[in-house]
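In what follows, a structure is listed as structure tokens, so that the remarks can point back to it.
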Amino acid sequence: MNLKTNNQKALHKHTKSGHSHFNLNIFGKNTELYFAVISGVFWVLGLGFSFVSGFANTTTTLFIIGAIFGGVFTFISAGQDLLKGQFKIDFLMLFAAVGAAILGKWGESALLLFLFSLGHALEHYAMERARKSITALSNLAPSVALVKYNDGLKEVPIERLKVGDIIVVRPNSKIAADGVVAKGTSAVDQASITGESMPINKYPSSNWQDEKEITKLLPEHRVFAGTINGSGALEIKVLKEAKDSTLSRLIYLVKEAETQKSPTQHLTDKFEKYYVPVVLLFVVLLLFGFLVIDETFQESFYRAMSVLIAASPCALAISTPSAVLAGIARAARQGVLFKGGRPLEDLGGISAIAFDKTGTLTEGRPTLTNAIPFGEVTKTELLKVAVAVEALSDHPLAAAIVDGGRKVLGNIEIPIADKLKSLTARGIQASLNSSTVHIGNRRLFEELTGARVPDDIDQKMAELESTGHTAMIVHRDEEYLGIIAAMDIARPEAIATITKLKKIGIKRMIMLTGDNQKVANAIAKTLGITNPMGDLLPEDKVKAIEQLIHQEGAVAMVGDGVNDAPAMAKSTVGIAMGAAGSDVALETADIALMADRLDNLPFAISLSRQANRIIKQNLIISLGMVMFLVPLTLMGAIAIGPAVVGHEGSTIIVVLNALRLLKFEMKTNNNTA
């Protein structure tokens with residue numbers, strides 16, 4: 001599979017607002033715009049000659065040529081619609097132009113087709129601008145990669161890369177595949193995939209040869225295709241083929257999102273389905289106006305064509321899809337994937353958000369937080385013993401103690417323990433320098449000594465536990481050495497994110513976790529969460545979401561998209577964290593935060609609200625122009641020319657208004673975006 005070729009094929013399809021791109025590319029991709037300009041030139045020449053006596057035939061000829069150039073694409077589009085049994089806007093415009101020509105109004109017919117084709121072309125041009133952030137994704141991945149073999153390096157097309165290959169990435173070049181860093185250290189710019197503004201330091205995983213799943217890697221060890229390497233050379237073990245890379249999945253999902261209509265778009269499409277036939281029927285009735293009022297058939301016909309132009313819903317048809325496309329494109333630049341117009345609209349109406357705790361509000365892995373020695377024991381001695389013993393264990397808490405302890409101890413030599421014995425639900429036992437070491441909970445030492453643990457130790461453990469820590473006693477032979485504690489700590493950006501969410505009007509923030517309620521309360525208090533809910537199984541989280549929807553009407557669920565997938569599916573809007581490395585999260589969620597960063601959530605909500613505001617503005621502009629023009633043309637107050645200008649002008653205005661979303665930046669000084 002050629003990543004670039006396959007994804008670029010879709011760029012020639014444009015189905016928004018009932019229009020299509022055609023293969024009539026005489027002057028390249030801007031042929032329609034050039035035809036419109038040529039049409040305009042001939043119309044201007046015809047207008048000029050109309051003021052000179054004796055050139056009536058020349059004037060008519062110039063208008064006809066202008067009408068032909070202006071009507072080519074309109075004719076093709078209308079013909080395609082008719083073959084499908086549909087009467088859409090292109091047909092209405094073509095019908096009106098032909099009607100004006102039949103009356104001998106060649107100038108107005110040419111003006112209509114010129115302005116309609118110009119508006120059409122400018123609409124396509126503007127919409128392509130909205131697509132740039134999306135189509136640029138197809139060019140991010142390099143076409144070839146340097147694969148390491150026994151006899152050196154070989155340049156290989158990326159579609160031929162296999163899982164397990166080792167590729168070499170030179171400084172300041174693009175990374176060709178998703179994988180794990182096997183050798184080298186460098187800062188990698190991941191903005192194209194995750195939206196992170198600063199390069200992320202990457203270095204080898206200690207067990208990269210055994211790694212098979214990119215989702216199990218820490219962010220500092222994994223890399224993505226399409227990201228840009230910094231100043232250091234890297235060797236990367238490929239973990240995903242090109243067709244399965246995060247970049248390829250992202251391009252596919254964004255293009256799918258373009259075709260997913262929002263609730264407002266469904267509503268306008270439904271309205272248009274009935275509106276267009278009603279307009280046609282009304283226009284047919286107006287053709288017989290001369291039977292009711294004192295005017296000629298030609299005058300009735302002219303009025304009917306003017307009303308037809310004024311009533312055509314061009315601006316209405318493009319008002320929502322243009323805003324949705326621009327919003328999706330802007331979000332993609334920030335590392336936020338909206339999977340269609342529905343979540344883009346729905347997120348803006350959310351006032352309650354439920355968060356999964358582990359991996360969403362917290363780091364998702366325990367971290368050593370405290371090492372408290374007792375008596376004459378030093379902190380260094382306490383950590384040396386704890387690290388030596390816990391290094392024998394494969395428990396997640398043991399890994400946290402070992403990693404944290406080694407960082408504190410630095411180059412200090414750590415003794416070697418042996419004879420590890422697991423004491424179920426109590427702790428562990430091991431031998432160290434002819435001594436017996438126990439690390440565990442109160443119950444373990446009450447069994448060993450036959451008495452309660454010392455009051456000062458018990459009191460300190462209770463204090464740590466009340467704030468969400470897991471505390472363990474370290475004991476050697478007959479001596480209490482101290483306490484070590486670990487905790488799944490809050491993400492660095494969590495508190496600031498919760499604060500921003502409150503400022504932009506999110507009233508309820510609920511934390512859903514399987515941890516006990518005491519731990520949930522402690523973390524919630526630290527972060528500013530309003531409603532912590534602990535002791536929940538996955539099915540309990542689903543029930544909690546159902547209850548919240550009943551109370552609030554709508555609720556978003558933020559999680560990793562794996563164990564909380566049922567709750568996310570039940571929520572109004574499911575939002576997946578860190579989706580860049582997870583196919584499951586990309587598939588499950590309505591919205592994916594590609595970077596493993598919570599602070600993109602306020603941006604996503606603010607962008608959604610701004611998109612909703614722009615959609616409403618566009619609807620007011622488009623419907624308002626129709627309501628303004630129809631009575632004037634019906635009364636004969638304005639001719640076809642001004643009606644065309646108003647009609648096409650409103651179309652261009654709503655598209656340009658939608659394109660403001662491409663420049664959207666979240667404001668931080670108030671509760672609006």
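Just want the ordering: L607, L285, from fewest to most Cβ atoms lying within 10 Å of their own Cβ.
Lowest count first: L285, L607.
Can you compute the FRET efficiency between K162 and T215 using 1/(1 + (r/R0)^6), with r the Cβ-Cβ distance and R0 = 22 Å? Round to the nearest 0.05.
Efficiency, rounded to the nearest 0.05: 0.65.
Could you line up I614, I166 from fewest to most neighbouring Cβ atoms inside 10 Å? Present the calculation step by step, with values, prior to reporting the outcome.
Numbers: I614 24, I166 17.
By the 10 Å Cβ count, ascending: I166, I614.
Express as a percent, rounded to the nearest 5, the fraction of DSSP beta bridges in the chain (both residues included) that run antiparallel.
On the way: 56 of 74 bridges.
If I count the DSSP bridges inside the chain, around 75 percent turn out antiparallel.
For the chain, calculate the relative contact order in percent as a whole number, restricting contacts to Cα pairs under 8 Å that are 6 or more residues apart. Working shown, then result.
Numbers: 1342 pairs, mean separation 96.5, N = 673.
With pairs under 8 Å counted, the relative contact order is 14 percent.
Once fully extended, how much extra length lies between I76 and K543, figured as 0.36 nm per residue of separation less the alpha-carbon to alpha-carbon distance? Please list the in-between numbers first.
Numbers: separation 467, 0.36 × 467 = 168.12 nm, distance 5.36 nm.
Length gained between I76 and K543: 162.8 nm.
Which residues among segment 168-189 fall inside the zone where the amide N is under 17 Å from a point 7 Å beyond the Cα of V144, along Cα→Cβ?
168-171, 173-177
Hey, rough spin-label estimate for E665 and Y252, points 7 angstrom out along Cα→Cβ, what's it come to in nanometres?
3.6
Output ³J(HN,Hα) for segment 367-372: one whole-Hz value per residue in order, computed from phi by the Karplus curve 6.51 cos²θ - 1.76 cosθ + 1.60 with θ = phi - 60°, and x for Gly and Pro.
9, 5, 10, 9, 9, 10
Across bins of 10 angstrom width beginning at 0, how are the C-alpha pair distances of segment 292-367 distributed, in whole percent?
Values per bin, smallest distances first: 14, 22, 21, 14, 11, 9, 5, 3, 1.
Give me the count of lysine pairs in segment 367-487 whose alpha carbons sit under 19 angstrom apart, restricted to pairs 8 or more positions apart or on different chains. Numbers along the way, then the final one.
Values: K379/K407; K379/K460; K384/K407; K384/K419; K384/K421.
Lysine pairs, 8 or more places apart or on different chains, close enough: 5.
Which far-off residues, 5 or more places away or on another chain, put their amide H under 5 Å from the one on A177, with H placed in the peptide plane?
Excluding prolines and chain starts, which carry no amide H, the hits are A225, G226.
Mind checking the full-extension length gain between L47 and I293? Use 0.36 nm per residue of separation minus the Cα-Cα distance, one decimal, nm. It would help to have the intermediate numbers written out before the result.
Details: separation 246, 0.36 × 246 = 88.56 nm, distance 3.24 nm.
Full-extension gain reported as 85.3 nm.
Alpha carbons only, please: Rg and Dmax for segment 367-487, in angstrom.
13.0, 39
So how far apart, in nm, are the two label points at D418 and L656 if each is 7 Å from Cα heading toward Cβ?
8.2
If you take the beta carbon distance between L409 and L103 as r and set R0 to 60 Å, what does 1/(1 + (r/R0)^6) give as a FRET efficiency, to the nearest 0.05?
Working: r = 93 Å, r/R0 = 1.56.
That pair, L409 with L103, gives E of 0.05.
Can you work out the Karplus-derived ³J(HN,Hα) for every residue in segment 157-164? Use 6.51 cos²θ - 1.76 cosθ + 1.60 with θ = phi - 60°, whole Hz, and x for glycine or proline.
x, 4, 6, 9, 5, 10, 4, x
What span do the alpha-carbon atoms of segment 142-243 cover on each of the three principal axes, reported in whole Å from largest to smallest?
Sorted largest first, the three principal extents are 36, 27, 25 Å.
For K212, give me every one of the aspartates and glutamates with a C-alpha distance below 15 angstrom, ignoring sequence neighbours fewer than eight places off in its own chain.
D165, D178, E241, D244, D583
What 222 nm value per residue comes from the helices of the chain, counting each DSSP H run with n ≥ 4 as -39,500 (n - 2.57) and dividing by all residues, nearest 500 deg cm²/dmol? Spell out each step's value before the answer.
Numbers: 22 runs with 331 residues, N = 673.
Helix contribution divided over all residues of the chain: -16000 deg cm²/dmol.
What ³J(HN,Hα) values, in whole Hz, does the Karplus curve 6.51 cos²θ - 1.76 cosθ + 1.60 give for segment 36-47 when θ = phi - 60°, with x put for Gly and Pro?
With coefficients 6.51, -1.76 and 1.60, one gets 5, 5, 4, 4, x, 4, 5, 5, 5, 4, x, 4 Hz.
How would you order 498-510, 228-240 from highest to lowest mean count of nearby Cβ atoms within 10 Å? Write down the numbers at each step before the final one.
Working: 498-510: 17.5, 228-240: 20.2.
Ranked by mean Cβ neighbours within 10 Å, highest first: 228-240, 498-510.
Rg(Cα) of the chain divided by 2.2 N^0.38 Å? Don't skip to the end; give the middle numbers.
On the way: Rg = 33.3 Å, N = 673, 2.2 N^0.38 = 26.1 Å.
Here the Cα radius of gyration is 1.28 times the empirical estimate.
Full-extension gain between T185 and K270, please, as 0.36 nm times their residue separation minus the C-alpha to C-alpha distance.
Result for the pair: 25.0 nm of gain on full extension.
Ranked highest first by average number of other Cβ atoms within 10 Å, how do 396-404, 212-220 line up?
Numbers: 396-404: 19.6, 212-220: 14.7.
Those peptides, ordered most packed to least, come out 396-404, 212-220.
Which order, highest average first, do 77-83, 116-122, 101-107, 171-177 follow once you tally other Cβ atoms within 10 Å for each residue and take the mean per peptide?
Sorting 77-83, 116-122, 101-107, 171-177 by mean packing, highest first, produces 116-122, 171-177, 101-107, 77-83.
Compute the angle between helix 89-102 and the longest alpha-carbon principal axis of the chain, please, reported from 0 to 90 degrees and rounded to the nearest 10.
The angle comes out near 10 degrees.
Taking amide H positions as placed 1.01 Å from N in the peptide plane, with prolines and chain starts having none, which residues 5 or more places from M511, or on another chain, fall under 5 Å of its amide H?
Close amide H contacts, sequence-distant or interchain: F355, N531, M533.
Identify the GluC sites (Glu not before Pro) of segment 346-388 meeting these criteria: DSSP loop state and at most 15 other C-beta atoms within 10 Å of the C-beta. Working shown, then result.
Details: sites: E363, E376, E381; in loops: E363, E376.
Those that pass, being in a loop and sparsely packed, are E376.
For segment 349-384 and segment 509-545, what is the centre-to-centre distance using only Cα atoms, to the nearest Å?
Segment 349-384 and segment 509-545 have Cα centres separated by 17 Å.
What distance in nm separates the simple spin-label points at T380 and Y203, each placed 7 Å from Cα in the Cβ direction?
2.3
For the chain, with only Lys/Arg (+1) and Asp/Glu (-1) charged at the beta-carbon, what is the dipole magnitude about the Cα centre, in debye rounded to 20?
Details: 67 positive and 65 negative charges, 275 e Å.
Computed about the Cα centre, the dipole is about 1320 debye.
Can you list the residues, at least 5 places off or on another chain, whose amide H is less than 5 Å from the amide H of T367, using H built in the peptide plane?
The list, which skips near neighbours in sequence, is M487, D488, I489.
Just to be sure I understand: if I project the alpha-carbon convex hull of segment 333-384 onto a plane and average over all orientations, what area do I get in nm²?
Values: hull surface 29.2 nm².
If you wrap the Cα atoms of segment 333-384 in a convex hull and average its projections, you get 7.3 nm².
In which sequence would S143, S434, S186, S312 go, from the one with the fewest C-beta neighbours within 10 Å to the one with the most? Could the numbers behind the result be given before it?
Numbers: S143 15, S434 6, S186 21, S312 28.
Placing the least packed residue first, the sequence is S434, S143, S186, S312.
Applying 1/(1 + (r/R0)^6) with R0 = 45 Å to the Cβ-Cβ distance of R613 and K84, what FRET efficiency is obtained, to the nearest 0.05? Mind dumping the intermediate values first?
Working: r = 34 Å, r/R0 = 0.76.
According to the calculation, E is roughly 0.85.
Read-outs: derived from the displayed coordinates by stated rules, not from any lab. Predicted, not measured: the structure shown is a model, and the values here were computed from it. Here the Cβ is made from the backbone with ideal geometry for all residues, glycine too, and neighbour counts use every protein chain on show.
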